[in-house]
Each structure stands twice: as structure tokens, then as C-alpha cells.
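Derivation of every value follows stated rules applied to the coordinates shown; laboratory data play no part. These numbers come from a predicted model, not from an experiment. With ideal geometry, Cβ positions are generated from the backbone for all residues, glycine too; neighbour counts draw on all protein chains shown.
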Amino acid sequence: MDTVASLAARWQILRPHAGNGAGMDRRERAWRRAAELAAGGGPVSLETVCAAATEAITADGYGVTLVSAPGLREFACASDPVGVLVEEVQLACGEGPCTDAYSSLAAVLVPDLDDAAERWPGFVAPVAGQGVRAVFAFPLQVAGVRVGAIDFYRRQASALTADEATDAGAFAAVAAQVAFRSHPAPAALAAVSGDEPPHGFPPVVHQAAGMLAAQLEVSVEEALVRLRAYAFLHAQPLTGLARQVLERRLALEDDHEPGSGR
């Protein structure tokens, strides 16, 4: 397994330096734009990189999920509630452009979601219902080590231009650096396989599944299936739904609406 030191040697987890090649020039410009957005000259964050990218490619919003350990994927940040939904739906149904980009280490560009209805039926319907018409997903990787993926969305069906796609890839490279640098256990990412997409869930979802399993007298796996199904059918963010279960504001056995209590 690669150590943190060897990973850092393969990819400088620092500010990008100017160098030869258009790709490096694009990454340098992406970093500078993100730095300009950082308040008061503070450190460049994942949010500022993604916000700068969204502006550069004329998208309407973004969402990011990161892999914290093998099999565990977590929501990281988003531009707005729609961006959150784009990520949460993929967590709930286990399919979508983010998952495919992560697995293939390649961009997944969907200029018209109608064309992907059969490919990702569990993903397209909920997000299209909220006005999402196009999604562009890019893997976040550091020297081939998977960190996560970012989705950009548009409310109008349209394709990225060649320059926009290249810029998005440059911003994704910078975002991967920032996410890797702040990861609590970066060496663990070297063990993450692309053969098994990150269908893991945040701790709050597992906690809610455990509570449901005890309440319903079913296995934890069955409780997780029910939780995901409820989130999908009611177009609810999975993590928000899990919190409602933990706070006893939702009883799935009675099929109450969120917030209605028992």
C-alpha cells in the first residue's frame, strides 16, 4: 500500500506550480481564480474551488461526495439545496454520473438528462423533477488515487464547450488536491478499489438503520434498504431523513410524513 509520503511524491499536494503544457496552465489559472474567491486571502477551500468552477463553466450549481475510507462515501459540500439533492439521490439509489465518474476515472457528461433516463432511472426522475436538465461529473483523483467526484448541473439542457470541459477538468484536479490535503487518513485512500463503486453511506445513515432495525425487528441491511427506498420514493435527502429517524420525528413503520411524529 502507498504511504502518504509516496503519494505526495507522486503528486505535489501543494499549490500548483507553473510548468510546461496547457494542462498545467489551466490548473494554475483555476487555482488563482479559487484563491481570488477565498475571503480575505484565506486558504483555498473545496467550496471556493467548486464555486469558481461553477462560474467558469456557466453551470447553475455543484455537489461533491468524497470517499473517506474503502466503501464509505460521504456528502462533502454543495452550492445549494438542488446540489445537495443531486448528491443525496445518488447516495440513496446507488447510481448516477458521480458514481460512474468515480469508477471510470473519466468525465461523465450528460447534456440532456432525458437521454440518461434508462441508464440511471433512480437518479434522473428525482433530480429532473427539481429542474435539473444537464449534469457533468468529474472524478477527483490524485495520481490515480480516488478521492471522490464532483457534479455540476444546469437547469437548461446544453453541452459543455471544449474549453468549458477542459476548464472543469482543471478545477477538478485542484479540488482533488484540496480534498486530499485535508483528508484525515489519506493513506487509506490507496486501498480504495475502482472495481467497487463507493456505495457506502455517512455514519448518520448507518446509525438510523441500526435504530430502525431494532424498532422493526429486521436486519440492519433490511432497515437500510427501507430507509433508502423511503428517501427515493419521497424525494428526500438520505442524510436528512436519517436525522429525522434518529430524532424520532419519522416512523417508517407507520409511513408517516417527515416531521409528523409518531
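General observations
- Listed residues A137, G148, T99: farthest to the positive end of the dipole of the stretch 74-151 (Cβ charges): G148
- Available extension along the chain between A128 and T58 is 23.3 nm, counting 0.36 nm per residue and deducting the alpha carbon span.
- Against the rule of thumb 2.2 N^0.38 Å, how large the Cα Rg of the stretch 33-97 comes out: 1.22
- Charged side chains reduced to their Cβ positions (Lys and Arg at +1, Asp and Glu at -1) give the stretch 55-104 a dipole of some 180 debye around its Cα centre.
- What the Cβ-Cβ distance of R249 and L216 gives, at R0 = 22 Å and to the nearest 0.05, is a FRET efficiency of 0.85.
- Amide H contacts of F201 (H built 1.01 Å from N, in plane; Pro and chain starts excluded): R73 sit under 5 Å, all sequence-distant by 5 or more or on other chains.
- Eigenvalues of the alpha-carbon gyration tensor of the stretch 122-162, scaled by 5 and square-rooted, set the equivalent ellipsoid semi-axes at 24, 14, 6 angstrom, largest first.
- When Rg and the Kirkwood radius Rh are both evaluated on Cα atoms of the stretch 77-157, their ratio Rg/Rh stands at 0.95.
- Between Q156 and E36, the simple spin-label model (points 7 angstrom out along Cα→Cβ) gives 2.3 nm.
- Rounded to the nearest 0.05, the FRET efficiency derived from the C-beta distance between H234 and A188 at R0 = 45 Å is 0.85.
- Taking the Kirkwood radius as Rh and the Cα radius of gyration as Rg, the stretch 53-197 has a ratio of Rg/Rh equal to 0.94.
- With K and R counted +1 and D and E -1, the other residues having a Cβ less than 13 Å from that of A117 yield a net charge of -3.
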